[in-house]
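Read the structure below first, then the notes.
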Amino acid sequence: MEYLEPREGYDRFARDYRKEYTHLDSFDWEKARPLLWEAIDSVCNATSGSAAPALLDAGCGDGRVLGRVQRHLKERDFSAELWGWDLSPGMLKAAVARLEDGPRLVCRDIEDPVGGKEAPVQRFSLVWAFFVLVHLTDTTLFFSSLRAAMADKGTIILNNIPQKEGFQVKYAGKGFVIEYYHHEDAEITEALEKSGWTVDLTQAGEWSTLIKAHVTP
Ligand SMILES: C[S@@+](CC[C@H](N)C(=O)[O-])C[C@H]1O[C@@H](n2cnc3c(N)ncnc32)[C@H](O)[C@@H]1O
């Protein structure tokens with residue numbers, strides 16, 4: 001079996017990623033969705049009347065979750081500045097094609113320290129990261145880098161799927177696995193606490209664990 005780094009793997013996978021939505025949703029999206037909507041509503045209500053809050057999808061892929069967030073914001077008549085960061089130009093290209101009202105999509109490695117004009121400091125009120133931790137070698141690096149980009153009281157929501165076997169993808173008739181790393185929930189919560197976050201919730205679902213944390217003042 002061929003093993004590919006995430007950038008190359010997801011570039012190849014991008015065209016067919018959409019076909020995986022039902023499979024991805026089966027990892028407890030029904031539990032993740034209310035948690036995410038509640039956090040978005042809370043941030044938007046808290047900033048109503050002032051500047052629209054900045055919300056970030058870290059490892060946004062082809063915009064699967066960003067598209068849903070856009071619809072939710074519209075339904076609630078909220079406005080927010082939406083951002084998506086991802087390592088794979090192919091996934092971002094797919095996101096541009098499917099998302100209207102253009103969120104700000106930036107090609108970047110989320111393990112790299114935040115810097116540069118496309119990586120605002122102390123900006124985001126809420127960040128979420130779904131199905132991403134599994135590709136990161138050093139989650140402490142990711143959480144520390146993200147911490148610098150967060151506004152006071154910023155919140156993070158993520159899922160962890162302790163994945164002992166890689167996910168096989170087919171491209172041009174050939175199978176490959178995108179490099180992945182196994183992370184236990186305890187390792188994730190420890191990495192968050194070490195990087196300036198306070199964990200509020202660790203909720204084990206049937207297939208995944210949802211974790212919510214806020215910036216430690
Ligand atoms: C399984 S997809 C999840 C996409 C999206 N979050 C979703 O829920 O559909 C994993 C995504 O993480 C991205 N990714 C993996 N490692 C990354 C890194 N170090 N920096 C930025 N993005 C990364 C991949 O390019 C891919 O788009």
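The values are calculated or read from the model by the stated rules, or taken from the named source; none is laboratory data. Remember, it's a predicted structure, so these values are computed and weren't measured experimentally. Heads up, the Cβs are rebuilt from the backbone with ideal geometry, glycines too, and the neighbour counts pull from every protein chain shown.
Figures for the structure shown
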item	result
Index of the failed condition, residue 76 passing every other in (1) surrounded by fewer than 19 Cβ atoms within 10 Å (Cβ to Cβ); (2) within 14 Å of the ligand (Cβ to nearest atom)	(2)
Residue selected from the stretch 104-137 under the condition more than 11 Å from the ligand (Cβ to nearest atom) and among the basic types (Lys, Arg), by the criterion modelled with the highest pLDDT	104
The lone exception for residue 93 - which of (1) of a type outside the set (A, V, I, L, M); (2) in contact (Cβ under 8 Å) with a residue 40 or more places away in the chain; (3) more than 14 Å from the ligand (Cβ to nearest atom) it fails	(3)
Those residues of the stretch 138-160 which are within 21 Å of residue 62 (Cα to Cα), within 12 Å of the ligand (Cβ to nearest atom) and among the polar types (S, T, N, Q), in sequence order	159
